[in-house]
Amino acid sequence: MKGIFITFEGIEGAGKSTQAKKLYEFLKSKDHKVLLTREPGGTKTGKKIREILLTPTDEIFPPFAELFLYEADRSFHIENVIKPNINSGFIVICDRFIDSTLAYQGYARGLDIKIVKQLNNLATGGLKPDITFLIDIPVEEGLKRIKEKRGFDRIEQEDLEFHKRLREGFLHIAKEEKDRVVILNGLKSEKQIFNQILKVLKEKSILK
């Protein structure tokens with residue numbers, strides 16, 4: 001029996017990682033075969049790529065170099081983690097996936113959207129999530145949350161306009177793929193957001 005692929009997306013500080021973990025723990029408590037993973041860094045090699053991508057550097061970091069590193073991480077992730085587990089009947093929950101690359105490197109960085117989509121498709125072999133939860137919050141709120149918790153990584157250090165383009169990119173993706181992407185209000189409480197996630201999964205018959 002083929003598994004289910006669920007992804008969580010959102011700007012910095014939206015709370016997607018929290019909700020992905022809550023869903024994983026809930027499903028595990030119900031004895032589902034479930035795996036929680038993330039991008040970048042969902043494999044041993046991916047962890048090294050993640051460090052390169054997120055560590056601040058005094059070198060110029062070309063947008064295409066950034067894009068290729070994300071796709072390399074994804075290719076390792078698909079072959080070693082995502083596909084094998086889906087094929088084994090697991091519910092795979094992933095914190096960030098192709099929509100992040102399209103939003104960050106495409107809409108926010110300004111790289112050609114068609115090229116980003118083509119590279120996403122090549123890296124995934126055409127695999128798309130069964131459902132994606134986009135947790136949406138105002139940019140200023142997201143950055144405030146991160147600042148209160150910890151320091152900014154290389155990408156979080158980008159200016160406000162970058163983060164605004166990023167949010168608009170995510171919302172544009174959601175508008176284009178309404179059947180797959182569900183927008184959730186990230187300003188609601190953790191419990192309210194999680195209850196909405198469960199409701200959507202049941203309505204779409206993804207979970208019984």
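The values are calculated or read from the model by the stated rules, or taken from the named source; none is laboratory data. Since the structure is predicted, the reported quantities are computational estimates derived from the model, not experimental observations. Cβ coordinates were reconstructed from backbone atoms using ideal geometry, including for glycine residues, and neighbour counts include every protein chain displayed.
The residue that is farthest from THR124 (Cα to Cα), among those in the range 44-78 that are in contact (Cβ under 8 Å) with a residue 40 or more places away in the chain and of a type in the set (D, E, K, R), is GLU66. Right, LEU160: free of Cβ contacts under 8 Å to residues at least 24 places away in the same chain, among the hydrophobic types (A, V, I, L, M, F, W, C), surrounded by fewer than 17 Cβ atoms within 10 Å (Cβ to Cβ) and at negative phi or not? Criteria met by LEU160.
Against the condition more than 17 Å from PHE8 (Cβ to Cβ), among the hydrophobic types (A, V, I, L, M, F, W, C) and outside any helix (DSSP H, G or I), how does PHE152 come out, does it pass?
Details: more than 17 Å from PHE8 (Cβ to Cβ): yes; among the hydrophobic types (A, V, I, L, M, F, W, C): yes; outside any helix (DSSP H, G or I): yes.
Answer is yes for this residue.
Consider the range 155-208. How many of its residues are farther than 18 Å from VAL92 by Cα, in a loop (DSSP other than H, G, I, E, B) and of a type in the set (A, V, I, L, M, F, W, C)? Full working, then the answer.
Keep residues of the range 155-208 that are farther than 18 Å from VAL92 by Cα, which gives 155-179, 183-193, 195-196, 199, 203.
Cutting the leftovers down to in a loop (DSSP other than H, G, I, E, B) gives us 155-159, 177-179, 186-189.
Next, from what is left, pick out any that are of a type in the set (A, V, I, L, M, F, W, C): 155, 187.
Total satisfying the criteria: 2.
Quick test for you: out of PHE170, PHE162, pick the one residue that is at pLDDT below 95 and either within 20 Å of TYR104 (Cα to Cα) or of a type in the set (Val, Ile, Thr) (or both). Reasoning before the result, please.
Numbers: PHE170 fails: at pLDDT below 95.
PHE162 is the lone residue from the list that is at pLDDT below 95 and either within 20 Å of TYR104 (Cα to Cα) or of a type in the set (Val, Ile, Thr) (or both).
Checking each residue of the range 78-94 against the condition of being charged (D, E, K, R) and in contact with a Phe, Trp or Tyr (Cβ under 9 Å, 6 or more places away or on another chain) gives no match. Count of the range 24-42 residues, restricted to those that are within 16 Å of the chain's Cα centre (by Cα), touching a residue at least 60 places away in the same chain (Cβ under 8 Å) and surrounded by fewer than 22 Cβ atoms within 10 Å (Cβ to Cβ), is 1. Restrict the check to the range 175-188 and report whether at least one residue is without any contact (Cβ under 8 Å) to a residue 60 or more places away in the chain, aliphatic (A, V, I, L, M) and over 19 Å from PHE97 (Cβ atoms). Yes, some residue in the range 175-188 is without any contact (Cβ under 8 Å) to a residue 60 or more places away in the chain, aliphatic (A, V, I, L, M) and over 19 Å from PHE97 (Cβ atoms).
One residue is enough: does the range 124-141 have a residue meeting the conditions out of contact with any strand residue (DSSP E or B) (no Cβ under 6 Å at 6 or more places or on another chain), of a type outside the set (Val, Ile, Thr), buried (at least 18 other Cβ atoms within 10 Å of the Cβ) and part of a helix (DSSP H, G or I)? Give the steps one after another, and end with the answer.
As a first pass, look at the range 124-141 and keep what is out of contact with any strand residue (DSSP E or B) (no Cβ under 6 Å at 6 or more places or on another chain): 124-128, 137-141.
If we keep only those that are of a type outside the set (Val, Ile, Thr) as well, we get 125-128, 138, 140-141.
After this cut, where a residue has to be buried (at least 18 other Cβ atoms within 10 Å of the Cβ) as well, the list is none.
No: the range 124-141 contains no residue that is out of contact with any strand residue (DSSP E or B) (no Cβ under 6 Å at 6 or more places or on another chain), of a type outside the set (Val, Ile, Thr), buried (at least 18 other Cβ atoms within 10 Å of the Cβ) and part of a helix (DSSP H, G or I).
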